[in-house]
Amino acid sequence: MNQELHQFIVDYGLWAVFGGTFLEGESVVVFAGFLAHQRLLHLPYVVLCAFAGSFLADQVLFYLGRRYREHRYVRRIREKPAFEKALSAIDRYPHGFILALRFLYGLRTVGPVALGVSRVSPLRFLVLNAIAAAVWALCFSLLGYAFGQTIESLLGRLHGVETKLAVAAAIGVAIWLAYFLYTRHRR
């Protein structure tokens with residue numbers, strides 16, 4: 001069983017990183033960075049997959065906002081309270097908003113759609129989105145990798161893929177919870 005799970009992670013882990021960052025984000029990348037430290041995944045490939053998933057997700061949402069402004073999905077997003085806040089921030093700081101979007105809790109889907117509805121040019125969004133996705137992917141991948149080093153120094157080399165997954169999941173949940181509580185407190 002252990003060897004089968006190990007091989008499954010090796011075979012499909014990067015696809016999970018890509019899909020996870022396309023849909024969600026930080027906890028998936030931190031988890032993958034930890035697995036890279038445990039030598040189940042390769043860190044450069046984790047960064048690349050995290051970049052690709054995050055970049056493509058925001059590009060798709062941008063073009064949904066741009067092309068299908070009146071579609072019911074886009075209208076539903078436009079009705080969210082965060083949408084007006086996003087448009088206001090885009091008007092004041094368009095470049096800064098694009099670069100910071102991935103790091104702002106609650107704007108992951110609303111932000112790119114708002115940018116698509118705004119006057120930001122597609123080329124400008126493409127370039128800044130690529131820069132932001134690269135920085136984001138590198139930061140969170142390295143964060144997971146660094147947690148792997150810290151945990152290894154505290155507990156010694158982890159044995160067994162189940163143990164590695166349990167520790168990585170606990171780290172991911174702890175980071176997500178801390179981030180959630182921090183952003184909730186700031187509101």
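The values are calculated or read from the model by the stated rules, or taken from the named source; none is laboratory data. Because the structure is predicted, anything quoted here is derived from the model rather than measured. Virtual Cβ from ideal backbone geometry, glycine too; neighbours counted across all protein chains shown. When the accessible area is computed, the model is the full protein with side chains, heavy atoms only, and any ligands, DNA or RNA have been set aside. Shrake-Rupley method; radii C 1.70, N 1.55, O 1.52, S 1.80 Å.
Things worth noting here:
- Selection status of G25, modelled with pLDDT under 85 and open to solvent by less than 10 Å² (accessible area, probe 1.4 Å): yes
- F125 surrounded by 14 or more Cβ atoms within 10 Å (Cβ to Cβ), more than 16 Å from the chain's Cα centre (by Cα) and modelled with pLDDT of 95 or more: yes
- Test: residue in the stretch 51-69 that is at pLDDT 85 or above, open to solvent by less than 70 Å² (accessible area, probe 1.4 Å) and more than 21 Å from the chain's Cα centre (by Cα): yes
- For the stretch 29-42, residues that are open to solvent by less than 40 Å² (accessible area, probe 1.4 Å) and over 11 Å from the mean Cα position of the chain (by Cα) total 9.
- For R124, the requirement of being charged (D, E, K, R), part of a helix (DSSP H, G or I) and touching a residue at least 60 places away in the same chain (Cβ under 8 Å) is not met.
- The listed residue being surrounded by fewer than 18 Cβ atoms within 10 Å (Cβ to Cβ) and out of contact with any Asp or Glu (no Cβ under 7 Å at 6 or more places or on another chain), out of A89, A100: A100
- Residue pairs whose Cβ atoms lie under 7 Å apart, separated by 6 or more positions or on different chains, with the first residue in the stretch 66-84 and assigned to a helix (DSSP H, G or I) and the second open to solvent by less than 80 Å² (accessible area, probe 1.4 Å) and of a type in the set (G, A, S), are R66/G116; V74/G65; A82/G106; F83/A114.
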